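These notes concern the structure reproduced below.
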Amino acid sequence: MLLVVLAFTGIYWVAGPAGADPDNSGSQTGTEPSALCSSGEAASLDEDGNCMVDDEKLPAAVEKNRVSVNLTWLIVAGALVFFMQAGFAMVETGFTRAKNAAHVVMTNYMVFALAALGFMAFGFAFMFGNLADIPTIGFKQFGEPLVQVGGWQFLSGGGWFLGGAAYDVGVLAFFFFQLMFMDTMATIPTGAMAERWKFSAFCVFALFAGAFIYPIIGNWVWGGGWLANLGVNWGLGNGALDFAGSGVVHAVGGITGLMGAIVIGPRRGKYNKDGSANAMPAHNVPMGLFGTIILFFGWIGFNGGSTFGASDFRFTVVIANTILAGCMGAVAAMLVTKAKFGKYDPSMAANGGLAGLVAVTAPCAFVAPWAALVIGGIGGVIVVFSILFVDRLKVDDPVGAVSVHGVCGLWGVIALGIFADGSYALGANSSGEVAPVEGVIMGKFGQIGAQLVYAVTLVVVIGVVTYLFFRIQDRIQGIRSTPEDELQGLDIPEMGVEAYPRELEVSPGVYASHPPVRGAAADPLDVTTGPTAGV
């Protein structure tokens, strides 16, 4: 305990105490109208003693209210994004096998707690320390470039453990919102690596994901890094853009999950010696579909909140586009699976809806509703064929996370450069000005160039970093559960509990608990433990 106290004391000393500059009480953010009268600077009292604000000072008088409304929207949107964690947990648990249900839902629960600590300690500073002020929420720059080569920034720094200038009401509101995005990225690999990931190894990954994996691309695109400045430095449109994270969040998570699935290997019994695959059915399809509905709901905050304030009315367009793309993705995937397999596959329909949501997340603020339908529909088609292709490569992804988030995330990044219609401005062009974003449909090709550089960077950088991470971790710690534990199911060996305790009727109306049956084929009630499960 003494060592922990000393460590935190040292970190606080390095970060620096909060001085007069950070506004940790909110008193300096905006101006209360009543304060204007007491100061006498912008208002006066009428003969009845009522405060009269001078017309030219009115903007200052309403600033406090404007900022407070925007902060409220940001926090509410962040809460919606946090609720998505329940959706992810239900999708992944429902679409995997019963004997691993407690383990899968535990990874979805603990990934937030663990990754949040890494993000709070280091990741947030790496990602946003040098971000320019955001007046709509009172956010003030709290760090400086940490790794910079010429005019290209690669990481920020400062405000470690949310100390120093990061101890500020606007900064902490922004931290809360971004924390939820980080959690989404870190959650995605738990689906791709489900049912064989050793829990202790997962815990190390969660910390590393929040502290470093997510902030790399996040800084380059959202934190003022080199990809964001492709417009200024290379004349490529307005620089790499990603409104709410098709790339920063979803593609990063999907590519990380792909590398993890490659290193950890397929589940026992998934593939035969001749290369054919064995089905390992979902144990609770309704749970998976209900989780998908929760994700639709949470995505309203995920994309809509990325305006960073209700005062940017574009959030209505963003939300409408988001829902339309998700619906079109679900319909497209359902029709493709019906045409290809003769059945309306619920899990594919769910993944199609999520694929549409992922794909529109980057371009949702820059496109018209008709384009959102096209983007989501293409995502719904892509995800079906991508899942089949990944399976043919013998990469075992139990819930289709690589395809939904990785492949369709990359599609969303590229789609922005195609369908942006010039109705919304963001980023900076070669003149350093914030200008309307125009894609190929407007006859402009600079933005698609920036988006392609961004997509290639995602694949190369995140692919190499995460592959090396999992390889090194596997060599040092081992990332896979034992064959015996995997055969039995990870609930009892690693969690010490079953998700669904079974009971035995010993007399009419009287039940007694009994231990789980050991062995793969011994339980006729468990369709997930058939003859191939223990191969």
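Just so you know, all these numbers are worked out from the coordinates, no wet-lab data involved. None of these values were measured; they are calculated from a predicted model. As a convention, Cβ positions derive from the backbone with ideal geometry for all residues, glycine included, and neighbour counts pool all protein chains shown.
Given R0 = 35 Å, the distance between the Cβ atoms of V381 and F199 translates into a calculated FRET efficiency of 0.45. Over the stretch 407-493, the fraction of Cα-Cα pairs per 10 Å bin, rounded to whole percents and listed from the shortest bin up, is 15, 28, 20, 15, 14, 9, 0.
Of all alpha-carbon pairs in the stretch 244-293, indicate the percentage at a distance above 19 angstrom.
Every Cα pair in the stretch 244-293 considered, those over 19 Å come to 57 percent.
Distance between the C-alpha centers of the stretch 314-354 and the stretch 127-159? Whole Å please. Centre-to-centre (Cα) distance: 37 Å. The residues D485, D242, when put in order of fewest to most other Cβ atoms within 10 Å, stand as D485, D242. By other beta-carbon atoms within 10 Å, ranking M334, M348, M127, M442 with the fewest at the front produces M442, M334, M348, M127. Peptides 170-183, 70-83, 428-441, ordered by how many other C-beta atoms sit within 10 Å of their residues on average, highest first, read 170-183, 70-83, 428-441. The distance linking the stretch 273-298 with the stretch 430-444 is 40 Å (Cα centroid to Cα centroid, whole angstrom).
Restricting the stretch 298-338 to chymotrypsin sites (Phe, Trp or Tyr not before Pro) that sit in a DSSP loop and have at most 16 other Cβ atoms within 10 Å of their own Cβ leaves F313. Between K340 and A279, the modelled label-to-label distance comes to 1.5 nm, taking each label 7 Å out from Cα in the direction of the beta carbon. May I ask for the net charge around G305, where only other residues with Cβ less than 15 Å from the Cβ of G305 are counted and Lys, Arg are +1 while Asp, Glu are -1? Local charge sum for G305: -2.
Shown for W220, W226: other C-beta atoms within 10 Å of each C-beta, ranked fewest to most, produce the order W226, W220.
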